[in-house]
Amino acid sequence: MDDCYEKEKFPNFFATFEQTKKNKTMRTIIQLLVGLLSLIPFTFTAIVAINAVQTPDARFIEFQTLINWLLLVVLVMIGLISYFVVHIFNTDKIPTSRKTFWTIILFFGHVIAIPVYWFLFIWGDGITEKPS
């Protein structure tokens, strides 16, 4: 019984260190996966724009194929915007005065705002307010 008490009182440092290392690795993998998903809307928009300026005979992707891919891109965007809005209100990286601003920007400028938000607040350390 005393041995059980000792384990609770003094946890194994190395086991805690290994768990922290695993959590950090998993966090980095998730950040990179979200980063890759963040590029999908921008890439799809660029592909559609390039395809639109081509003559009908020179288009490299058929219109019906683009429409089929659009459904997947919209689902990814809905997931990313939902994830980022939850992240906005659960993080300390964004000042309280800017949380509503970033939510509005994500909804109305999502194609560009999603990769920018990922770079600043998911991958990076956020924006620190200047002392007044």
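A short reminder: the numbers here are calculations on the coordinates, not readings from a lab. Since this is a predicted model, take the numbers as computed values, not measurements. Quick reminder, even Gly has a Cβ in these numbers, built from the backbone with ideal geometry, and neighbours come from all protein chains shown.
Brief remarks on what is shown
- Label-to-label distance, nm, for residues given as V85 and K24 (7 Å Cα→Cβ offset): 3.4 nm
- Pairwise FRET efficiency - V74 versus L33, Cβ, R0 = 22 Å, nearest 0.05: 0.70
- Once both labels are positioned 7 Å from their Cα atoms along Cα-to-Cβ, the gap between I105 and I67 label points is 3.6 nm.
- Computed extension length for W123-A46: 25.4 nm, one decimal, from 0.36 nm per residue of separation with the Cα-Cα distance subtracted.
- Sum of side-chain charges, F84 neighbourhood, beta-carbon under 13 Å (Lys, Arg +1; Asp, Glu -1): +2
- Distance between the 7 Å Cα→Cβ label points at V116 and F60: 2.7 nm.
- For segment 20-132, the Cβ-based charge dipole about the Cα centre amounts to some 540 debye (Lys, Arg positive; Asp, Glu negative; other atoms uncharged).
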